[in-house]
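Trainee: Please see the structure below; I have some questions.
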Amino acid sequence: MIPMADAAGASRKEWLGVWLKERLRYEWLLGRPAPAQLAIANRHERLEAAPDGRGQACLWRHTSRLHAPRLQPELGRRLLRRCLAAAPIRRRSAPLWGEGPPELSVLIGHRGLERLPLLLATLESLAAQEDVWLECLVIEQDSEPRIADRLPPWVRHVHGPLPDPAAPYNRSHTFNLGAREARAPVLLLHDNDMLVPTGYARRLLERIARGYAVVNPKRFVFYLDEPHSAAVLAGSGAYDARPAEAIVQNLEAGGSMAITAEAYAAIGGMDEGFVGWGGEDNEFWDRCLTRPTWIWGYEPIVHLWHRGQPLKHQRDNPNLERARAVMRRPALERIAALRPAPVPSLVSTIIPVHNRAALLREAVASVLAQDHRPIEIVIVDDGSSDDTGAVADGLAAAHPLIIRVIHQPNGGPGAARQRGLDHCRGEFVQYLDSDDLLLPGKFSAQVAALQRSAEARIAYGPSLEEDHSRRPIQRRGPMRATGTPLERLFPLLLLERWWTTSCPLYRRELLDRIGPWQPWINEEDWEYDGRAGATGAPLVWVPVPVSVRRIHMGDDHLSDRGHLDPRKLADRARAQESLLRSALAAGVDRRGPEMARFSRSAFLLSRQCGAAGAEQASRQLFQLARRTGAWQGGRRLEFLLYGLMARVLGWGRAARLSMGVRTRLQPGSRPGGNMT
């Protein structure tokens with residue numbers, strides 16, 4: 001439990017400060033329709049509203065407690081009442097859902113008999129979930145099973161003792177064991193003392209369905225005192241009968257959070273090096289943030305009273321010291337250390353595909369024709385609406401030891417490639433777009449080059465192009481700089497994506513360092529290569545042609561979905577910002593010719609976005625162009641005048657006036673082209 005001082009211990013100055021500086025805001029937010037109450041915070045704390053307006057993210061580090069309810073407990077009681085009116089907590093002895101594959105696996109760790117009543121109450125609140133099929137696993141970490149016969153029949157009991165029966169409780173061990181036993185695609189890591197609202201599970205899954213791999217749903221955790229908890233355990237549903245002893249925000253991974261089973265495995269699960277209480281959830285959350293994460297809390301949770309864990313909140317807790325020491329290493333490095341080691345010499349090929357059955361067969365055939373072994377192919381069917389998924393399944397059935405297929409809702413090329421990467425086991429990774437081809441001998445040449453050059457992290461070679469929009473079809477190349485030996489991706493990468501997705505072969509170790517693909521639909525490939533270049537990764541060039549990029553018209557490209565698409569334009573702006581950060585990290589000269597050309601390109605793209613109506617992207621790109629090009633004396637005035645014009649006329653009108661067009665954004669050949 002988290003103790004809190006009594007209101008009687010507050011000074012007159014504190015009490016008066018709440019009246020003058022916080023009370024009016026509480027009254028205003030508590031008087032407005034839900035979910036306005038979620039915007040309540042301490043007066044010096046800053047919140048960020050969720051994209052859909054239903055949730056608030058805490059923009060500060062560490063857990064905090066609401067100050068005003070400590071001094072004026074009735075405010076906290078009203079907040080609890082208001083939250084539970086919008087999201088009521090109910091309890092049932094058994095669930096109403098029938099048989100079926102679970103959508104959500106709830107994992108609860110437990111030890112001993114003291115907290116058994118709290119566990120049973122927690123299970124009752126989970127049994128009251130509606131419109132969802134879930135399974136609940138209680139992982140008992142004790143020398144012998146003590147509670148199996150006391151659990152409801154709908155709950156799965158997993159006995160998971162530690163090798164040393166005398167060792168302290170290891171929360172990470174229980175969740176890792178539960179994740180291995182779980183059958184659902186989404187995991188809910190839940191404590192045994194938390195009561196949740198009736199729609200809790202369904203709302204979690206709705207956010208997972210939007211493409212988030214991690215969801216932290218908690219906005220407020222209401223800590224009940226001992227008498228209040230005793231009444232609840234005795235059957236009372238009056239959770240607001242007394243003010244909460246504490247109201248906690250920003251609990252992050254503690255208490256209750258959801259994560260897809262794939263993401264849990266991909267980030268290495270929980271670190272079992274944390275023994276005892278504290279620190280393990282902070283370190284785990286830090287790794288979770290490398291995945292698409294819903295950070296905007298929206299749920300109230302009621303925490304039942306129990307005696308505090310030894311050392312958990314003490315400053316000399318060795319687990320907290322360990323967490324601080326461990327987290328000095330970047331999260332991506334820790335993930336790589338926790339994941340299983342790659343299979344030596346194995347080349348993993350990832351093929352995202354959307355509505356391209358015939359081309360998929362040809363792409364897969366070009367991989368199977370490679371003379372290097374061992375290989376594996378992971379096909380990610382990105383929500384195809386034709387027979388592509390069935391074709392992919394047929395290829396896997398014909399080559400079961402080599403090909404695996406993943407089906408997912410349409411999420412774009414970045415999300416599809418990352419999904420494939422999470423399932424790969426190879427020392428080397430090949431990305432292949434479904435309309436492109438690998439040339440014979442690619443793997444053997446590039447693997448040999450990487451094995452000869454221990455410091456090299458990427459192998460590439462000449463890449464060719466086939467123009468299928470003309471007859472007869474012509475193959476030409478090498479394209480861009482792929483026919484030239486280069487030592488690093490930058491500085492040339494700042495100006496153009498000078499290879500295609502199918503050209504390079506990566507060491508998996510490098511990809512684990514640079515982090516996941518962005519879930520974008522435009523320029524996600526250029527941005528990804530930029531992060532690889534930011535590491536200074538050495539390149540090794542092979543002189544033989546390695547791949548073919550096929551240019552064709554009228555097909556559905558994962559990376560090409562309308563030049564006026566606001567999301568696509570926003571992705572372009574984000575990609576350029578990230579690319580600049582990567583270039584600077586790689587040591588590109590801030591006043592060199594590449595930076596000057598980058599500034600001109602960003603300025604042009606800013607005006608194109610403004611002309612298309614994407615004013616936020618236009619503003620962002622203009623600021624980027626000015627930041628990178630204002631050192632050129634002649635351009636400083638140009639930026640000043642255009643900025644003034646945009647402020648007066650608006651970014652859209654200023655762009656159209658500047659470019660001499662109205663609303664149509666002329667599609668150009670972006671560096672990198674359509675890669676999927």
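The values are calculated or read from the model by the stated rules, or taken from the named source; none is laboratory data. On a predicted model such as this, the values are computed, not experimentally measured, just so you know. Here the Cβ positions follow ideal geometry from the backbone for every residue, glycine too, while neighbour counts run over all protein chains shown. What goes into the accessible areas is simple: the full protein's heavy atoms, side chains included, and nothing from ligands, DNA or RNA. Shrake-Rupley method; radii C 1.70, N 1.55, O 1.52, S 1.80 Å.
Trainee: Efficiency by 1/(1 + (r/R0)^6): what FRET value for ASP164 and GLU226, r their Cβ-Cβ distance, R0 = 41 Å, to the nearest 0.05? The partial results should precede the final answer.
Mentor: On the way: r = 32 Å, r/R0 = 0.79.
Computed FRET efficiency for ASP164 and GLU226: 0.80.
Trainee: Could I ask something else about it? How high is the FRET efficiency from GLU206 to HIS407, r the C-beta distance, R0 25 Å, rounded to 0.05?
Mentor: Values: r = 20 Å, r/R0 = 0.80.
For R0 = 25 Å, the calculated efficiency reads 0.80.
Trainee: OK, next. What accessible area per residue comes out for region 322-416, rounded to a whole number of Å², with a 1.4 Å probe? Could you put the intermediate results ahead of the total?
Mentor: Details: 4010 Å² over 95 residues.
Roughly 42 Å² per residue, with all protein chains present.
Trainee: Can you give the net charge of the other residues whose Cβ lies under 11 Å from the Cβ of SER606, counting K and R as +1 and D and E as -1?
Mentor: Spelling it out: positives minus negatives among the neighbours equals +4.
Trainee: Could you give the nm distance between label points at THR535 and SER385, where each point is 7 Å from its Cα heading toward the beta carbon?
Mentor: Going by the 7 Å Cα→Cβ label model, 3.8 nm.
Trainee: Further question: Short version: ³J(HN,Hα) in whole Hz for each residue of region 579-596, in order, from phi by Karplus 6.51 cos²θ - 1.76 cosθ + 1.60 (θ = phi - 60°), x for Gly and Pro, what are they?
Mentor: Result, rounded to whole Hz: 4, 5, 4, 5, 4, 5, 5, 7, x, 5, 5, 4, 10, x, x, 5, 5, 5.
Trainee: Could I ask something else about it? Compare the peptides 12-25, 318-331 by average per-residue count of other Cβ atoms within 10 angstrom and give them in order, highest first. Could you put the intermediate results ahead of the total?
Mentor: On the way: 12-25: 13.0, 318-331: 14.9.
The most tightly packed comes first, giving 318-331, 12-25.
Trainee: Can I ask one more? Given labels modelled 7 Å from the Cα in the Cβ direction, how far is it in nm from LEU649 to ALA630?
Mentor: Result for the modelled spin labels: 2.2 nm.
Trainee: Further, regarding this structure: Taking 0.36 nm per residue of separation and subtracting the Cα-Cα distance, what length does fully extending ARG452 through ASP565 add?
Mentor: Numbers: separation 113, 0.36 × 113 = 40.68 nm, distance 4.51 nm.
Computed gain between ARG452 and ASP565 is 36.2 nm.
Trainee: Per-residue counts of other Cβ atoms within 10 Å, averaged by peptide: what ranking do you get for 376-383, 44-51, 99-106, highest first? Intermediate values should be presented prior to the final figure.
Mentor: Values: 376-383: 24.2, 44-51: 13.1, 99-106: 16.5.
Put in order of decreasing packing, that is 376-383, 99-106, 44-51.
Trainee: What does the accessible area per residue of region 196-264 come to in Å², with a 1.4 Å probe and no ligands, DNA or RNA counted?
Mentor: Numbers: 1900 Å² over 69 residues.
For region 196-264, the solvent-accessible area averages 28 Å² per residue.
Trainee: Compute the long axis of helix 200-209 from its Cα atoms, compare it with the longest principal axis of the Cα atoms of the chain, and write down the angle in degrees, 0 to 90, nearest 10.
Mentor: Roughly 0 degrees, rounded to the nearest 10.
Trainee: In addition: Rank by packing, highest mean first: peptides 332-340, 651-659, with packing defined as the count of other Cβ atoms within 10 Å averaged across residues. Working shown, then result.
Mentor: Working: 332-340: 15.3, 651-659: 20.1.
Output ranking for 332-340, 651-659: 651-659, 332-340.
Trainee: Compute the label zone of ARG90 within region 219-249: residues whose backbone N is under 16 Å from the point 7 Å along Cα-to-Cβ.
Mentor: 237-239
Trainee: Residue by residue through region 109-123, which ³J(HN,Hα) values in whole Hz follow from phi under the Karplus form 6.51 cos²θ - 1.76 cosθ + 1.60 (θ = phi - 60°), with glycine and proline marked x?
Mentor: x, 7, 8, x, 9, 4, 9, 4, x, 5, 4, 5, 5, 4, 5
Trainee: Would you kindly derive the ³J(HN,Hα) couplings of region 412-419 from the backbone phi angles with the Karplus curve 6.51 cos²θ - 1.76 cosθ + 1.60 (θ = phi - 60°), listing them in order in whole Hz, with x for Gly and Pro?
Mentor: Taking θ as phi minus 60°, the curve returns x, x, x, 4, 5, 5, 5, 4 Hz for region 412-419.
Trainee: Indicate the gyration tensor shape class of region 362-473 (rounded, prolate or oblate), computed on the Cα atoms with a ≥ b ≥ c the square roots of the eigenvalues: a/c under 1.5 is rounded; otherwise a/b larger than b/c is prolate and the rest oblate. Each step should come with its number before you reach the end.
Mentor: Values: a/c = 1.68, a/b = 1.25, b/c = 1.34.
Oblate.
Trainee: Now for a separate question. Give the aspartates and glutamates whose C-alpha is closer than 17 Å to that of LYS442, dropping any in the same chain fewer than 8 places away, or say none.
Mentor: Within reach: GLU362, ASP371, GLU376, GLU427, ASP433, GLU465.
Trainee: Here's another thing I want to ask about it. Long-range amide H contacts for VAL380: which residues qualify at under 5 Å (H placed 1.01 Å from N, peptide plane, sequence gap of 5 or more or a different chain)?
Mentor: Under 5 Å from the amide H of VAL380 lie the amide H atoms of ILE351, VAL353, ILE406, each far enough along the sequence or on another chain.
Trainee: Right, here's the next one. If a/c stays under 1.5 just call it rounded; otherwise compare a/b with b/c (prolate if a/b is bigger, oblate if not). Do that for region 392-549, with a ≥ b ≥ c from the square roots of the Cα gyration tensor eigenvalues.
Mentor: Numbers: a/c = 1.31, a/b = 1.12, b/c = 1.17.
Because its axes are fairly even, with a/c under 1.5, region 392-549 counts as rounded.
Trainee: Mind checking the full-extension length gain between LYS13 and ALA337? Use 0.36 nm per residue of separation minus the Cα-Cα distance, one decimal, nm. List each step's numbers first, then the result.
Mentor: Values: separation 324, 0.36 × 324 = 116.64 nm, distance 5.10 nm.
Additional length available on full extension: 111.5 nm.
Trainee: When the chain is fully extended, how far beyond the present Cα-Cα distance does GLU181 get from TRP28, taking 0.36 nm per residue of separation?
Mentor: Numbers: separation 153, 0.36 × 153 = 55.08 nm, distance 4.72 nm.
Going from the current span to full extension adds 50.4 nm.
Trainee: Now a separate question. Rounded to the nearest 500, what is the 222 nm mean residue ellipticity of the chain from helices alone, with -39500 (n - 2.57) per DSSP H run of 4+ residues and division by all residues?
Mentor: Numbers: 23 runs with 251 residues, N = 676.
Result for the chain, helices only: -11000 deg cm²/dmol.
Trainee: Counting Lys and Arg as +1 and Asp and Glu as -1, what is the net charge of the other residues whose Cβ lies under 9 Å from the Cβ of VAL405? Write down the numbers at each step before the final one.
Mentor: Numbers: positive: ARG404; negative: ASP381, ASP393.
Every neighbour counted, the sum reads -1.
Trainee: Could you calculate the FRET efficiency of ASN42 with THR484 from 1/(1 + (r/R0)^6), where r is the beta carbon distance between them and R0 is 60 Å, rounded to 0.05? Write out the running numbers ahead of the final one.
Mentor: Details: r = 58 Å, r/R0 = 0.96.
Efficiency, rounded to the nearest 0.05: 0.55.
Trainee: If you take every residue apart from ASP240 with its C-beta less than 11 Å away from the C-beta of ASP240, what net charge results, scoring Lys and Arg +1 and Asp and Glu -1?
Mentor: After counting each charged neighbour, the total is +4.
Trainee: How much of the accessible area of the chain, in percent, comes from carbon and sulfur atoms when a 1.4 Å probe is used?
Mentor: Working: 15120 of 28390 Å².
For the chain, the apolar C and S fraction of the accessible surface comes to 53 percent.
Trainee: Non-local amide H neighbours of THR482 (under 5 Å, H modeled in plane, Pro and chain starts lacking H): which ones?
Mentor: Result for THR482 returns SER463.
Trainee: Now for a different question. Could you tell me which of rounded, prolate or oblate describes region 501-630, using a ≥ b ≥ c as the square roots of the eigenvalues of the alpha-carbon gyration tensor, with rounded for a/c under 1.5 and, failing that, prolate when a/b is larger than b/c and oblate otherwise?
Mentor: Values: a/c = 1.89, a/b = 1.20, b/c = 1.57.
Note, shape of region 501-630 comes out oblate.
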